[in-house]
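Notes for the one structure printed next.
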């Protein structure tokens with residue numbers, strides 16, 4: 001769970017209660033009469049960490065309803081929050097297969113425990129349940145929008161795979177990948193959460209932009225943690241990007257401004273999957289700081305997008321949430 | 001494409017035209033602005049073989065509409081047919097990852113050409129597009145039903161994975177796995193195709209049962225082909241069930257009635273992944289014939305289910321289709 005500062009007292013408790021509702025919907029949706037499936041579902045439930053996406057969905061509904069706490073109890077809004085978390089969880093399970101990761105949120109990944117095959121099928125089970133749950137809300141247009149989001153997400157992942165070991169990957173392409181594979185879903189939390197409570201187009205768009213920029217910032221922070229994070233604190237396998245030949249923002253910025261010697265050394269360290277060598281080169285220059293600055297700038301653009309909306313104390317909470325995305329070590 | 005006998009002349013041409021419409025919808029749905037994604041989509045389009053599921057969807061609509069050929073042109077029915085084929089295609093792509101298969105319908109599998117990671121993500125892209133396309137039909141109830149189908153399908157796959165190398169797998173459990181992983185989707189083609197043209201519950205149910213039994217028969221025939229089929233004719237890698245420790249009906253029947261010596265030899269051959277040894281033991285007894293008889297009996301139950309409906313010449317075509325499912329060598 002995301003920690004909520006004490007000054008958001010009015011919202012904190014009803015939000016926590018709504019998130020418990022979301023968890024209950026999530027668990028009952030993926031429950032199975034088959035013990036083998038049920039135990040996998042329970043294992044995945046343990047993955048749930050920050051609940052960023054459900055939180056943003058609920059708060060976007062709350063913001064659009066001008067702070068009326070009653071909306072947090074709405075079953076359709078809670079269902080939508082469970083759907084986006086389920087989609088996210090499916091991508092985590094499949095990402096772990098792609099990344100050959102062993103640990104996730106302090107526990108073993110499904111692929112390590114049960115093999116890649118079960119992990120592939122469990123991810124499918126989560127995607128399927130996400131769309132089933134979405135359809136139970138009874139709004140075909142909502143499911144269509146979510147389908148467009150996941151189409152985009154998968155395209156982002158496929159384009160990223162296509163660029164593995166591509167040292168020529170440039171900043172615009174990197175950004176387009178991140179936008180698709182991460183930001184569009186977070187943006188949908190803002191946009192669809194707001195629409196669900198009847199927000200007008202401008203408000204939904206503002207919250208959508210807020211979410212998208214938050215998503216980009218989140219991904220860039222994740223990229224940095226994968227390079228220099230402490231696995232004990234981060235709670236998952238680090239160094240996977242390099243191991244799988246994934247070029248991320250710090251490396252792109254390093255290569256972009258490098259002299260011939262640094263460029264050569266960086267390429268060599270990258271190709272040799274030399275994590276220490278890569279990190280040393282990154283820390284010698286300012287590529288990591290500049291990446292973090294970019295993340296901070298995205299948070300700023302996101303908060304500016306909702307600046308014109310009168311969201312009262314929900315707006316303050318959203319801004320705090322945005323700051324926390326870049327200011328974290330796990 | 002399924003070959004249609006000349007005596008079904010009235011239906012054959014409009015059906016072929018409708019299937020071309022289904023293909024066009026399929027291709028335009030998964031098209032991508034990214035060349036890397038687009039070329040994968042084109043590769044998958046080549047997988048399309050018999051089009052059993054779209055054909056059954058269209059014919060169920062036609063049967064329920066009492067043979068009115070105009071329904072075959074309906075955009076919603078063609079979309080539904082493309083959705084079920086897309087779901088099927090996604091399971092093929094992920095199955096090939098699970099089975100480490102190299103060939104599919106005479107060509108290389110995505111996992112062989114582009115690696116398991118791309119195959120996992122491409123399967124996800126297909127599932128996502130299937131639900132997106134389903135949602136564009138605008139009927140949330142339809143998408144909810146499809147979601148329930150794919151939930152069931154994934155559970156079937158997970159239970160099957162759980163029973164890998166389980167020589168104690170019994171007939172009822174095998175049947176439940178097959179029902180879930182194969183029959184429920186084929187049943188949905190009948191049921192949802194009929195509902196879409198406004199069929200009453202009894203007619204939709206009859207076509208649903210017809211599809212389900214067809215699905216079971218189809219899977220059993222597939223199991224047999226995997227044991228004794230000619231890969232050149234079948235068009236895909238055979239022997240995968242044994243290689244992956246999957247117990248199928250012939251082996252279950254062999255073990256069930258075997259004396260101690262045969263039982264021991266079968267278990268030994270299975271554990272050693274000795275394909276020739278397994279096949280020899282199966283062919284010595286009558287396990288393969290009995291499996292085929294079971295498939296034929298399922299086709300009979302299926303055709304009996306639609307026996308009470310007045311489907312005219314569409315009924316004749318459906319019965320021919322059912323016979324072809326067991327009487328095939330690819």
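FYI, it's all coordinate maths here, none of it is from the lab. Remember, predicted model here, so these are calculated numbers, not experimental data. Every residue, glycine as well, gets a Cβ built from its backbone with ideal geometry; the counts of neighbours run over all protein chains shown.
Quick one: order A:218, B:270, B:294 by neighbouring beta-carbon count within 10 Å, fewest to most. Could you put the intermediate results ahead of the total?
Values: A:218 24, B:270 21, B:294 18.
Lowest to highest Cβ neighbour count: B:294, B:270, A:218.
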Checklist entry - Ranking B:50, A:73 by Cβ neighbours within 10 Å, fewest first, what do you get? => result A:73, B:50
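Take the alpha-carbon positions of region B:1-83, form their convex hull, and give its projected area averaged over all directions (one quarter of the hull surface) in nm².
Taking the Cα atoms of region B:1-83, their convex hull projects to 5.4 nm² on average.
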Checklist entry - For the Cα atoms of chain B, what angle does the longest principal axis make with the long axis of helix B:140-162, in degrees from 0 to 90, nearest 10? => result 10 degrees
Checklist entry - Helix B:52-64 sits at what angle to the longest principal axis of chain B, using alpha carbons and giving 0 to 90 degrees rounded to 10? => result 50 degrees
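When Cβ neighbours within 10 Å are restricted to other protein chains, what is their mean count per residue of peptide A:33-39? Don't skip to the answer; put the middle values down first.
On the way: counts 1, 7, 2, 7, 9, 1, 1.
Taking the mean over all residues of the peptide, I get 4.
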Item to check | Inter-label distance, nm, simple model (7 Å from Cα along the C-beta direction), residue A:316/residue B:167 | outcome: 7.0 nm
Item to check | Inter-site label distance for residue B:301 and residue A:289 at 7 Å from Cα along Cβ, in nm | outcome: 7.3 nm
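Per residue Cα convex hull volume for the protein assembly as shown, in cubic angstrom?
Numbers: hull volume 102.8 nm³, N = 660.
Cα-based convex hull of the protein assembly as shown, divided per residue, equals 156 Å³.
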Next on the checklist: How far apart, in nanometres, would the label points at residue A:233 and residue A:205 be if each is projected 7 angstrom from Cα along the Cα-to-Cβ direction?
Outcome noted: 4.0 nm
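When Cβ neighbours within 10 Å are restricted to other protein chains, what is their mean count per residue of peptide B:159-169?
Values: counts 6, 3, 10, 8, 1, 3, 0, 0, 0, 0, 0.
Partner-chain Cβ atoms within 10 Å, mean over residues of B:159-169: 3.
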Item to check | FRET efficiency, 1/(1 + (r/R0)^6) with R0 56 Å, evaluated for residue B:262 and residue B:31 via beta carbons | outcome: 0.55
Checklist outcome for this item: So the FRET efficiency between residue B:243 and residue B:39, C-beta based with R0 = 41 Å and rounded to 0.05, is 0.90
Item to check | On Cα atoms only, tilt of A:275-284 relative to the major axis of chain A in degrees | outcome: 90 degrees
Next on the checklist: What does the structure give for A:139-146 when I average, per residue, the other chain Cβ atoms found within 10 Å of the residue Cβ?
Outcome noted: 6
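For residue A:327 and residue A:66, FRET efficiency with R0 = 35 Å and r from the beta-carbon atoms, rounded to 0.05? Don't skip to the end; give the middle numbers.
Details: r = 28 Å, r/R0 = 0.80.
That pair, residue A:66 with residue A:327, gives E of 0.80.
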Checklist entry - Length gain on complete extension for the stretch residue A:141 to residue A:7, per 0.36 nm per residue less the alpha carbon to alpha carbon distance? => result 44.5 nm
Checklist entry - For the residues B:163, A:8, A:94, what sequence is obtained by ranking on other C-beta atoms within 10 Å, fewest first? => result A:8, B:163, A:94
